[in-house]
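Before any comments, here is the structure.
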């Protein structure tokens, strides 16, 4: 299983199990008031359902905007490590079956170390432009580098096609000094529509080996250095028409969003020191990150060196320029190894959560299930279950643990819970978590490098959300109309909002009360927005209901 080593942090604990005392520790931590550890598990999550198996090292999965019927799964790559073929597979969520032919096969991939097909993102306008993007590592012609990282643009013949075109347009690339710490996440912000690219510091240890900027490391070097950074680019423009390998634009200030922090305020303006593409820096290995589709908040899981794993947070209204501290900082402490640790850089941002390694001498029994070796950042829940809105799911590859984080509010502290015991599987014992992702309706899935994908199963719907798409709208009224009159055996999908197995006027009233509810308008930790007046279609349905009931009374 050497190919799994790419997720390991580079310490001596790569494949060692946790100490026996730690394995036998209680399932739920109870450090009330210390670090925000919770004493009770979150309601709403009830298990894991396997939805795909037999995959070849699935690294990531995502959806195409406007398509709730498919999940696209990125397989790392198979074959000779220096000349592998990666694939994107399609899971049909309606049939529960994998399409037999890959959506796209990508030859010439280098999977040495932490290389491979690492990230996948569909353009926000995919329904009309059919564009999507892949992050791969592949051989290059540069001396003294194992390979380079490439962001590529692909297209599909149509929005519904189950196979894509093999030709691609190069978007951006950077050479790599080593085979580890490649980052991997790419994704479009729901707020500004730009593509965000996560690059690790380039490899080695302590950001201090060959190919790393002397004296500072790559992550703190913001000049001619993409490593250890979050980049933000505009894939709908080309500011470099004479460079065939750079086919993107630099975001400048607009009325809708700020420009990149080290870019001019406008083309041709004064240029501050720093690469124009950089959005944030001071990252070690941001292998997995995710946007909150309701707020635009960005959550980053940054893999640590030897001591701490961390979750970094960037609010949706950020103007960029955050420094997350590496290599000087590992989590909330000065980096203990390599002699590179120090005081927090001016203005640097601490993680919202960090956790220790199993061999940490300061570890307490109450922290036993809040440890690991390789953090896997996830996404906040914005699916159809109203109880879980804004709950951030993340995990650890090394310990196979899954947690949730409830952000702090003005009236309550941040709460982190260990939820693996609440997530029994229907079949199998999966391991080696590689991503926590979502589909078009906000349901959450976990990919495992051992070959499977599981969906997190929840236990509630907002009454009236008959099609379970995380909003109550006229499509649900259609479902109610279709099922109206069913006397026994009805389910939510048939229009039964109150769970009494029939579809009647009470179910319509439940739909009407919640009309306008959406996972996108509840915000993090806030109640649903005021329910608007029913639309003309809803009023027509109500009139029809009154007519039916009147006839019954007659």
### Message
How many angstrom lie between the Cα centre of segment 366-404 and the Cα centre of segment 192-235?
### Response
26 Å
### Task
Give the order of 53, 80 when sorted by the count of other beta carbons within 10 angstrom, beginning with the fewest.
80, 53
### Query
How would you rank 198, 59, going from fewest to most other Cβ atoms within 10 Å of each one's own Cβ?
59, 198
### Task
With an 8 Å cut-off on Cα pairs and a minimum separation of 6 or more residues, tell me the relative contact order of segment 227-372 in percent.
16 percent
### Query
Using the C-alpha atoms of segment 2-458, what convex hull volume per residue, in cubic angstrom, is computed?
145 Å³
### Query
Over the chain, what is the mean sequence separation of C-alpha contacts under 8 Å (at least six apart), divided by residue count, expressed as relative contact order in percent?
14 percent
### Query
Residue separation times 0.36 nm, minus the C-alpha to C-alpha distance between residue 344 and residue 128: what's the value?
73.2 nm
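Give the calculated FRET efficiency between residue 414 and residue 159 to the nearest 0.05, with a Förster radius of 35 Å applied to their Cβ-Cβ distance. Don't skip to the answer; put the middle values down first.
On the way: r = 39 Å, r/R0 = 1.13.
Efficiency computed from Cβ-Cβ geometry: 0.35.
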### Query
Between residue 94 and residue 270, what is the spin-label point distance in nm, taking each point 7 Å from the Cα along the Cα→C-beta axis?
5.8 nm
### Exposure proxy order (Cβ contacts within 10 Å, fewest to most) of 387, 322
387, 322
### Task
Please work out how much length the chain gains when fully extended from residue 223 to residue 142, using 0.36 nm per residue of separation minus the C-alpha to C-alpha distance, in nm with one decimal.
27.2 nm
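Return the FRET efficiency for the residue pair residue 216, residue 83: r is the Cβ-Cβ distance, R0 is 30 Å, and the value is rounded to the nearest 0.05. Walk me through the intermediate numbers first.
Details: r = 35 Å, r/R0 = 1.17.
FRET efficiency, residue 216 to residue 83: 0.30.
Here, each number is a calculation from the coordinates, and none is a lab measurement. What you are looking at is a predicted structure, and each value in this text was computed from that prediction instead of being measured. Virtual Cβ from ideal backbone geometry, glycine too; neighbours counted across all protein chains shown.
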